[in-house]
Amino acid sequence: MEHAGRVAVVTGGGSGIGRAIALRLAGAGAALAVLDCNGETAEETAAAARQLNGGSRAPAIGIAVDVSDAAAVTAAGRRVRAELGTATILVNSAGIASFDPFPSLTEAAFDRMIAVHLKGTFLVCREFLPAMAETRWGRVVNVSSTAGLNGGGPGLAHYAAAKAGVIGLTKSLAQEFGPAGITVNAIAPGLVDTPLIRGAGAPANLYDEVVRRLPVRRIGQPQDIAAACAYLVSPEAGFCTGQVLSPNGGTI
């Protein structure tokens, strides 16, 4: 198993992309900490990870945590180290989404979007990267979005700004932690069919319109993003850092 003996932390692991990534890592033998604002779904993912291959995989725990809350992130970090050990794989996938036309976009909605996506990624990286650096090996993947590259479209100004910030943070951390043997990359998915997007108030024809434009003629699935993440956290990806991998079905 590729990640046997390693500890992986996945935020937003209770559903969607985060869950697919968490189960992929657990399937590769990593001990797993699933962090999610919904403690029940975090534990559900952890339980599914423990049941892989008849329950003979490495341990997995679910932790309820709002990644925008510094004290909660610190507490989660302590629990991970106490129960699993030092994490050397970190995937920041926690996120929220909403479609809000710019004239009616409130300061509170803008602040919350930045807090979860950008501040949350910062807080979680700050919690786990120092110990990772001491081991002289690590893999960090931050989930951004094509919206962070192209603006996303109407109603997504706050989301696009947050996701663009994640890319900038990723590139900076890659430079700072590369000498410690840690790679830091971003994944910028196109439209993926997840409960988050389905509940975000997207235009009714969004999925049909995207499929019509995409060369692959289908919406992305969480497993598509998990596959991309599997490469970036692998030992073979040691020469890939500060990059943005965008599985998007051919979006230009």
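Bear in mind that the values in this text are calculations on the coordinates, not laboratory data. Everything numeric here is computed off the predicted structure, so don't read it as measured data. Heads up, the Cβs are rebuilt from the backbone with ideal geometry, glycines too, and the neighbour counts pull from every protein chain shown.
Counting only alpha carbon atoms, the long axis of helix 70-83 and the longest principal axis of the chain meet at about 40°. Arranged from fewest to most other beta-carbon atoms within 10 Å of their beta carbon, L196, L191, L156 become L196, L191, L156.
Evaluated over the Cα positions of region 112-252, the convex hull gives a direction-averaged projected area, one quarter of its surface, of 8.5 nm². On a 0 to 90 degree scale, rounded to 10, what angle separates helix 157-177 from the longest Cα axis of the chain? Once rounded, one gets 30 degrees.
Taking the number of Cβ atoms within 10 Å of each Cβ as an exposure proxy, the fewest-first ranking of T170, T41 is T41, T170. Relative to the dominant Cα principal axis of the chain, helix 120-135 is inclined by about 30°.
Remark on L32: its backbone amide H falls under 5 Å from those of A8, A60, I61, a criterion applied only to residues 5 or more positions apart or on other chains, H modelled at 1.01 Å from N.
Electrostatic tally near R19: other residues with Cβ closer than 15 Å to its Cβ, Lys and Arg +1, Asp and Glu -1, net -3. With neighbour counts taken as other beta-carbon atoms within 10 Å, the residues L90, L232, L105 rank, fewest first, as L105, L232, L90. Net charge of the neighbourhood of S144, taken over other residues with C-beta under 13 Å away and scored Lys/Arg +1, Asp/Glu -1, is +2. Considering only the other residues whose Cβ falls under 9 Å of the Cβ of V73, what net charge follows from Lys and Arg at +1 and Asp and Glu at -1? Here the charged neighbours net out to -2.
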